Amino acid sequence: MERLSRGEASVSELAEPLAMSLPAVLQHLQLLEASGIIESEKTGRVRTCRINRKALRTAEQWLAQRRSTWERHLDRLGDYLAETKGTKK
């Protein structure tokens with residue numbers, strides 16, 4: 001994903017710096033593509049991948065909503081623990 005954030009790349013380019021086999025890289029890319037996070041296109045023998053920015057924005061919005069909820073929960077927990085700390089002997 002880090003590499004694709006800089007622009008599209010072939011599967012070979014994506015696999016080159018990784019300490020894993022090409023079939024393992026392909027499995028990861030297929031999972032990302034099946035989830036809609038990346039898209040790929042095959043031209044001749046070269047498969048080129050790119051980030052699906054719309055899907056990534058959707059995921060980012062979903063995470064932001066969950067983050068906000070969990071921050072509120074954790075703030076309430078912190079307040080509760082601060083209150084109970086003062087009442088314990």
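The values are calculated or read from the model by the stated rules, or taken from the named source; none is laboratory data. Just so you know, these numbers come straight off a predicted model, no measurement behind them. Virtual Cβ from ideal backbone geometry, glycine too; neighbours counted across all protein chains shown.
So the values come out like this:
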{"read-out": "Residue in segment 19-34 that is outside any helix (DSSP H, G or I) and surrounded by 10 or more Cβ atoms within 10 Å (Cβ to Cβ) present", "value": "yes"}
{"read-out": "Lone unmet requirement of (1) within 15 Å of Arg3 (Cβ to Cβ); (2) in a helix (DSSP H, G or I); (3) hydroxyl-bearing (Ser, Thr, Tyr) for Ser40", "value": "(2)"}
{"read-out": "Criterion violated by Thr58 - all others in (1) modelled with pLDDT of 95 or more; (2) surrounded by 10 or more Cβ atoms within 10 Å (Cβ to Cβ) satisfied", "value": "(1)"}
{"read-out": "Criterion violated by Arg67 - all others in (1) loosely packed, with under 10 Cβ neighbours inside 10 Å; (2) part of a helix (DSSP H, G or I); (3) not aliphatic (A, V, I, L, M) satisfied", "value": "(1)"}
{"read-out": "Contacts under 8 angstrom Cβ, first residue in segment 37-52 being within 11 Å of Ser12 (Cα to Cα), partner in a strand (DSSP E or B) and not small (Gly, Ala, Ser), 6 or more apart", "value": "Arg47/Glu41; Thr48/Glu41; Thr48/Lys42; Cys49/Ile38; Cys49/Glu39"}
{"read-out": "Pairs with Cβ under 9 Å, 6+ apart, first in segment 19-35 and under 16 Å from Glu2 (Cα atoms), second among the acidic types (Asp, Glu)", "value": "Glu33/Glu39"}
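For (1) exposed (fewer than 10 other Cβ atoms within 10 Å of the Cβ); (2) of a type outside the set (Lys, Arg), each residue gets a yes or a no:
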residue	(1), (2)
Glu39	no, yes
Arg45	yes, no
Asn52	no, yes
Gly86	yes, yes
